[in-house]
1. Which members of the range 106-121 meet the condition of being touching a helix residue (DSSP H, G or I) at 6+ places or on another chain (Cβ under 7 Å) and part of a helix (DSSP H, G or I)?
2. Which of the residues that make up the range 76-106 are touching a strand residue (DSSP E or B) at 6+ places or on another chain (Cβ under 8 Å) and under 21 Å from Asp164 (Cα atoms)?
3. Is the range 89-105 home to any residue that is within 24 Å of Thr189 (Cβ to Cβ) and either within 16 Å of the ligand (Cβ to nearest atom) or not in a loop (DSSP other than H, G, I, E, B) (or both)?
4. Just to be sure I understand, how many residues within the range 108-150 are more than 23 Å from Val68 (Cα to Cα), within 11 Å of the ligand (Cβ to nearest atom) and at pLDDT 95 or above?
5. Condition (residue is at pLDDT 95 or above and within 13 Å of the ligand (Cβ to nearest atom)) applied to the range 157-168: is it met by at least one residue?
Amino acid sequence: MKNPTLIFAGLGAATLALIAVASRRSPRGSGSEGSEESGESKAGDDWSSGPAYLTLPEDTSQLNRLAVAFQQAGVTNFIPEEFLTLRKWGVVAEIPEEYEDNIVKMAVQAQALRDRVGLPIAVMNGYRSPEYNQAVQGAPNSAHLRGAAADLELPSVHATADQDRELQVDAAKLWLTRTNDIAGLGVYTGGRVHLDVFHPGGLGRRSWGSGDVDGVINQAKAELGMS
Ligand SMILES: [Zn+2]
């Protein structure tokens, strides 16, 4: 094991091509992301598919560092590139170092959701650079700007409406029970969820969405015996 990080980097590049292709097949996003009160994007996001292939940063040392952190945190079903992709631009971004921890924390929660659902989950948005956030009309103080948020959904080629609902209810269960970790829950039409984690500069506990946010939370409470 002379240089294990190179192995992760290789895996990442191979997986990315698949992610990019999958995203082209599932342009089912519609509707808006949140509201100004939620601190999340009002006009939407990169809901449509982007270029078929992703450009990696020239310097991949951050990706390698994050890959090791993912492994150490028990994140086995996601790679850092998934949380750093600016989908519309087809670019894997570099994130300011001060936000690297946020990416790892967010990935741990995404992994918890993935474990609960038992199905592959696509990261449709993770970190957004300020320029990209403006381009997709994200809210000025979005948690995505600090790598502390992710929009997650089941790839549409696999998902039924029931499974989409289950993903949302499972996300709500995490939001209701992991109250020290997960700050924001967004529930959108089309089966997408937004989660964000507590972090410096964050907006704290809140829920919103264009979807059945109250119904989803009530169902989660009932299934958890919390009602
Ligand atoms: Zn979001």
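The values are calculated or read from the model by the stated rules, or taken from the named source; none is laboratory data. All values reported here derive from a predicted model rather than from experimental measurement. FYI the Cβ positions are ideal-geometry reconstructions off the backbone, even for glycines, and counts take in every protein chain you see.
1. Within the range 106-121, Met106, Ala107, Gln109, Ala112, Leu113, Arg116, Val117 qualify.
2. Phe78, Glu82, Phe83, Met106
3. The answer is no, given that none of the residues of the range 89-105 is within 24 Å of Thr189 (Cβ to Cβ) and either within 16 Å of the ligand (Cβ to nearest atom) or not in a loop (DSSP other than H, G, I, E, B) (or both).
4. So the count comes out to 3.
5. no
Residues checked against (1) without any contact (Cβ under 8 Å) to a residue 40 or more places away in the chain; (2) out of contact with any Lys or Arg (no Cβ under 8 Å at 6 or more places or on another chain):
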position	(1), (2)
Ala148	no, no
Leu167	no, yes
Thr179	yes, no
Thr189	no, yes
His199	no, no
Arg205	yes, yes
Gly215	yes, yes
Asn218	yes, yes
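Rundown of residues vs (1) over 18 Å from the mean Cα position of the chain (by Cα); (2) more than 23 Å from Arg87 (Cβ to Cβ), yes/no style:
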residue	(1), (2)
Asn141	no, no
Thr160	yes, yes
Asp164	no, no
Val169	no, yes
Lys173	no, yes
Asp181	no, yes
Thr189	no, no
Val193	no, no
Val197	no, no
